[in-house]
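The values are calculated or read from the model by the stated rules, or taken from the named source; none is laboratory data. This one's a predicted model, so the numbers in the text were calculated from it and none came from an experiment. So basically every Cβ, Gly included, is an ideal-geometry build from the backbone, and we count neighbours across all protein chains shown. For accessibility, only protein heavy atoms count, side chains too; no ligands or nucleic acids. Shrake-Rupley method; radii C 1.70, N 1.55, O 1.52, S 1.80 Å.
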Amino acid sequence: MKKIKKGDEVIVIAGKDKGKKGAVLAVLNKDHMLLVDGINVVKKHTKPNPNTGERGGVVSKTMPIHRSNVMVYDATKNKGSRVGIRVLKDGVRARYFKASDQLVDVKS
């Protein structure tokens, strides 16, 4: 079970966007990278491609960020929290916040 999943609210703890929050758009398995909405946005210069109808210019693009630079946001504590995995009484594995000891979600 992954500790950070698509759709989780995360807060950046290191880097140029430290302190910003965003939702995870995708989890890239290679090198443990994440795409987070509004985090690590860069300007990319693109050439026009008349065959596909793309216009050239400067485009804003979201780049991946390493999972070690983010924490899952705990709304009850209003800060990032580490995530653990525990087995519930009915045998279901669930993620929980280690700081507040509350469940993140339940996998069915």
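Residues that are over 23 Å from residue 86 (Cα atoms), charged (D, E, K, R) and touching a strand residue (DSSP E or B) at 6+ places or on another chain (Cβ under 9 Å) within region 1-39 comprise 17, 18, 20, 21, 31, 37, listed in sequence order.
The rows are residues; the columns are (1) touching a Leu at 6+ places or on another chain (Cβ under 9 Å); (2) open to solvent by 80 Å² or more (accessible area, probe 1.4 Å); (3) modelled with pLDDT of 95 or more.
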| residue | (1), (2), (3) |
| --- | --- |
| 79 | no, yes, no |
| 88 | yes, no, no |
| 93 | no, yes, no |
| 100 | no, no, no |
| 106 | yes, yes, no |
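For beta carbons closer than 8 Å, sequence separation of 6+ or different chains, a first residue in region 12-34 that is at pLDDT 95 or above and a second that is open to solvent by 90 Å² or more (accessible area, probe 1.4 Å) and part of a strand (DSSP E or B), the qualifying pairs are 12/21.
Report, by residue number, each residue of region 26-69 that is touching a Pro at 6+ places or on another chain (Cβ under 7 Å), among the charged types (D, E, K, R) and surrounded by 12 or more Cβ atoms within 10 Å (Cβ to Cβ). Within region 26-69, 54 is the sole residue that qualifies.
Do we have residue 75 as among the hydrophobic types (A, V, I, L, M, F, W, C), surrounded by fewer than 14 Cβ atoms within 10 Å (Cβ to Cβ) and at pLDDT 95 or above here? Criteria not met by residue 75.
For region 12-25, a residue qualifies if it is open to solvent by 30 Å² or more (accessible area, probe 1.4 Å) and under 11 Å from the mean Cα position of the chain (by Cα), and the qualifying residues are 21, 23, 25.
Go through region 15-63 residue by residue and tally those that are of a type in the set (A, V, I, L, M) and more than 23 Å from residue 76 (Cβ to Cβ). Summing the residues that are of a type in the set (A, V, I, L, M) and more than 23 Å from residue 76 (Cβ to Cβ) in region 15-63 gives 11.
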